[in-house]
Structure formats: structure tokens, C-alpha cells
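Engineer: Encoded as C-alpha cells, here's the structure I'll be asking about.
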Amino acid sequence: MKRASDHNRSEDSKFTRFGGSLLAPFTALILISILTVGLTGCMDGANQSPNCYISVSPSFGNAPINVTFTMSADDVDGYVASWSLDVDGDGDPDYSGDGGPPQTLKHTYQSSIAATAELKVEDDRGASANAGVSVYIL
């Protein structure tokens with residue numbers, strides 16, 4: 001015949017195999033699930049678009065006039081792979097290159113124009129961003 005104390009000991013030994021608690025196997029399962037979801041989110045996260053900025057000085061004046069575009073770009077989850085600058089607003093890039101844009105770029109407007117000069121950048125995973133600045137040349 002089993003004694004009550006023997007019965008408790010055999011039940012206790014079942015739980016010690018799982019870390020001494022009924023919750024131990026479930027806690028481990030939850031932690032593994034959280035880590036798996038967290039790591040998957042980090043590795044398979046959506047590509048964030050790069051950022052770009054542009055300014056021009058002077059932004060207005062009489063033609064012919066030399067202007068200086070000041071540009072910058074960054075990408076928080078990769079790198080800027082290419083850039084282009086459309087200075088006359090016709091949709092076709094007048095300047096372009098690999099990597100990030102140059103810090104400054106000089107351009108001479110020979111005739112009157114009212115346009116938005118647009119900087120476009122693309123990152124290493126294909127996301128793009130653009131920024132524009134108005135120019136008024138008389």
C-alpha cells in the first residue's frame with residue numbers, strides 16, 4: 001500500500017523533469033515563439049524607402065543665372081544605390097549617378113523657366129523617394 005508521502009513524492013518527480021513547475025514547458029514554448037516571430041520580423045521586414053532632401057540657391061533671378069543645388073540622401077535599412085536630378089521639370093533627368101547624390105551641383109539656366117527641380121533616389125532594394133524645389137528664372 002502506498003503512503004500519502006510516497007504518492008506526493010512520485011507526483012513531484014514528474015514536475016521536476018520539466019523544470020520544477022507546471023508552467024516551465026509552456027514558458028519555454030512561449031519564449032521560443034516570441035523569439036521566432038521577433039527574428040522573422042527583423043529578417044523579413046519590409047524595405048523602408050530612402051530619404052532625400054534638396055534646396056537651391058538662388059531659387060529665382062534673371063537668365064542666364066548660375067544656381068547651386070544642395071542635396072542629400074540616406075537609407076535606414078540599406079544604402080542609396082542611385083540618384084537623378086531633373087532641373088527643368090520635363091520628367092527626364094539632366095544629371096544622374098550611382099550611390100548617393102553629390103552634396104552640391106551647379107547648373108546654369110540659360111533662359112526663362114518656372115519649374116520644379118526634382119531629385120530622385122533609389123535604394124539597394126528598389127525603393128525610391130523624391131524631393132522637389134521650385135525655380136523661377138526670368
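The values are calculated or read from the model by the stated rules, or taken from the named source; none is laboratory data. If you're wondering where the values come from, they're calculated on a predicted model, not measured in any experiment. Note that we place each Cβ from the backbone using ideal geometry, even for glycine, and neighbour counts take in every protein chain shown.
Engineer: If you take the residues of segment 43-97 that are within 18 Å of the chain's Cα centre (by Cα) and free of Cβ contacts under 8 Å to residues at least 12 places away in the same chain, which of them is nearest to T116 (Cα to Cα)?
Structural biologist: Among those that are within 18 Å of the chain's Cα centre (by Cα) and free of Cβ contacts under 8 Å to residues at least 12 places away in the same chain, it is A46.
Engineer: Sticking with this structure for a sec: Quick one: in segment 98-135, which of the residues that are charged (D, E, K, R) and either part of a strand (DSSP E or B) or not assigned by TED's automatic domain parsing to the domain that holds D75 (or both) is farthest from the chain's Cα centre (by Cα)?
Structural biologist: The extreme case among them is K106.
Engineer: Which is at pLDDT 95 or above, surrounded by 15 or more Cβ atoms within 10 Å (Cβ to Cβ), within 18 Å of G132 (Cα to Cα) and touching a His at 6+ places or on another chain (Cβ under 6 Å), of V87, V56, V80?
Structural biologist: V87
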